[in-house]
Amino acid sequence: MHIDLHTHSTASDGTDRPADLVAAAAAAGLDVVALTDHDSSAGWAEASEAATRHHISLVPGLEISTMLAGASVHLLGYLLDPAYEPLQAELELILRARDTRLADVVERLQHCGVDICEADVRRHAGGALAVGRPHVADALVASGVVASRDEAFNTWLDRGRPGYVSRYATATPRMVELVTAAGGASVVAHPWGRGSREVIDAESVETLAAAGLVGLEVHHHDHTGSDSRMLETIASEHDLVMTGSSDYHGTGKVNHELGSHVTPTEEYERLLDRARVNALASRREVATVAGG
Ligand code: AMP
Ligand code: ZN
Ligand code: FE
Ligand code: FE
């Protein structure tokens, strides 16, 4: 089985609509794909419906913005109940912070003489609830300031660059607990990617595992081969599930093609088992795998 557990659609900062992403995943030969937009489940319904048509399994998920010791950690939450009020309240805080940050980013760029306005960025975000830096990047590309999203981040938007503004994110252990209480399973996304590398280590993984963490995304474009092997060691010490994923963003991110990193079938089965246990304990009506 070919299993890719981390992708983004136009419901956040990907460039494929949810249904088109599912069609592309089926065309790429995947058997299972998870839709994990940033901080929003808005794409789930469209993706689930498309999964039935394309005979592929769709795992509903989220990539949630969290913070650990001052660093940004992305937490994947799968198969949870999105209506769980405490979780919903946190996601609303995060989305609102994304929204208010936008005006600050635009103002900073304008101060640097960049010709950009908030309406431009919102047009590039389409209807996405999770407005993000990639949409600012798209506006900069469209107006010819930079040639690509990548250049926009390197020159203007990354931490330490002139347009960078931090925003609210939930404490990581708290979000692990919320995902669990919502009946789902949490996995740290690209643990040794940008940002989280400085704070994810054997000690913090132990703390997160005690809070209910289910897995680590061991295989990802941001990791070298030796990173992945070390992460496997840390994961096995805490009996954590080891996933692998593309983190596909459509044309928004190069070298992240669908299926470019995948999850072994037995690890996927373990993830489903853990999610099932959490769903039962939560007594909540969780989102389930669609299509197939
Ligand atoms: P934000 O969610 O607004 O903080 O923006 C972070 C998002 O930007 C993440 O989802 C990354 O995938 C994306 N991103 C970060 N660096 C780059 C880059 N160099 N090129 C394209 N996308 C990027
Ligand atoms: Zn993204
Ligand atoms: Fe991420
Ligand atoms: Fe991602």
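What follows draws every value from the coordinates through simple rules; no lab data is involved. Being a predicted model, the structure only gives us computed values, none of them experimental. Quick reminder, even Gly has a Cβ in these numbers, built from the backbone with ideal geometry, and neighbours come from all protein chains shown.
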*Give the number of residues within segment 58-80 that are more than 16 Å from ligand 1 (Cβ to nearest atom) and surrounded by fewer than 21 Cβ atoms within 10 Å (Cβ to Cβ).*
1
*Identify all residues within segment 109-119 that are in a helix (DSSP H, G or I) and surrounded by 18 or more Cβ atoms within 10 Å (Cβ to Cβ); write none if there are none.*
Leu109
*Pull up segment 135-165, narrow it to residues that are over 11 Å from Val121 (Cβ atoms) and among the β-branched types (Val, Ile, Thr), then point me to the one that is farthest from the chain's Cα centre (by Cα).*
Val145
*At least 3 residues that are within 16 Å of ligand 3 (Cβ to nearest atom) and aliphatic (A, V, I, L, M) in each: list the strands (runs of 3 or more DSSP E) lying fully within segment 1-104 that qualify.*
57-68, 71-78
*Residues of segment 59-88 being of a type in the set (D, E, K, R) and without any contact (Cβ under 8 Å) to a residue 60 or more places away in the chain, which ones?*
Glu85
_For the condition buried (at least 22 other Cβ atoms within 10 Å of the Cβ) and farther than 27 Å from Pro60 by Cβ, what is the one hit in Gly225, Gly163, Gly184, Gly215?_
Gly163
*Go through (1) within 16 Å of ligand 1 (Cβ to nearest atom); (2) farther than 13 Å from Val33 by Cα; (3) of a type in the set (Asp, Glu) and name the single condition Asp247 misses.*
(2)
*Restricted to segment 243-267, and to residues that are touching a Ser or Thr at 6+ places or on another chain (Cβ under 8 Å) and away from ligand 2 (no atom under 16 Å from the Cβ), which residue is nearest to Ile56 (Cα to Cα)?*
Gly259
*Determine the pairs where a residue that is closer than 18 Å to Leu240 by Cβ, located within segment 188-200, has a partner that is more than 14 Å from ligand 1 (Cβ to nearest atom) and charged (D, E, K, R) with Cβ atoms under 6 Å apart, the partner being 6 or more residues away or on another chain.*
Trp192/Asp227
_Restricting to segment 19-37, and then to whatever is in contact with an Asp or Glu (Cβ under 8 Å, 6 or more places away or on another chain) and under 11 Å from His249 (Cα atoms), can you tell me which residue is farthest from ligand 4 (Cβ to nearest atom)?_
Asp37
*Return yes or no: is Arg96 surrounded by fewer than 23 Cβ atoms within 10 Å (Cβ to Cβ), within 16 Å of ligand 2 (Cβ to nearest atom) and among the basic types (Lys, Arg)?*
no
_Residues located in segment 1-34, provided they are crowded, with 24+ Cβ neighbours inside 10 Å and either of a type in the set (D, E, K, R) or within 14 Å of ligand 1 (Cβ to nearest atom) (or both)_ = Asp4, His6, Thr7, His8, Ser9, Ala11, Ser12, Asp13, Gly14
*Among the residues of segment 159-207, which ones are touching a helix residue (DSSP H, G or I) at 6+ places or on another chain (Cβ under 7 Å) and more than 24 Å from Ala34 (Cβ to Cβ)?*
Arg161, Pro162, Gly163, Tyr164, Val165, Arg167, Tyr168, Ala202, Thr207
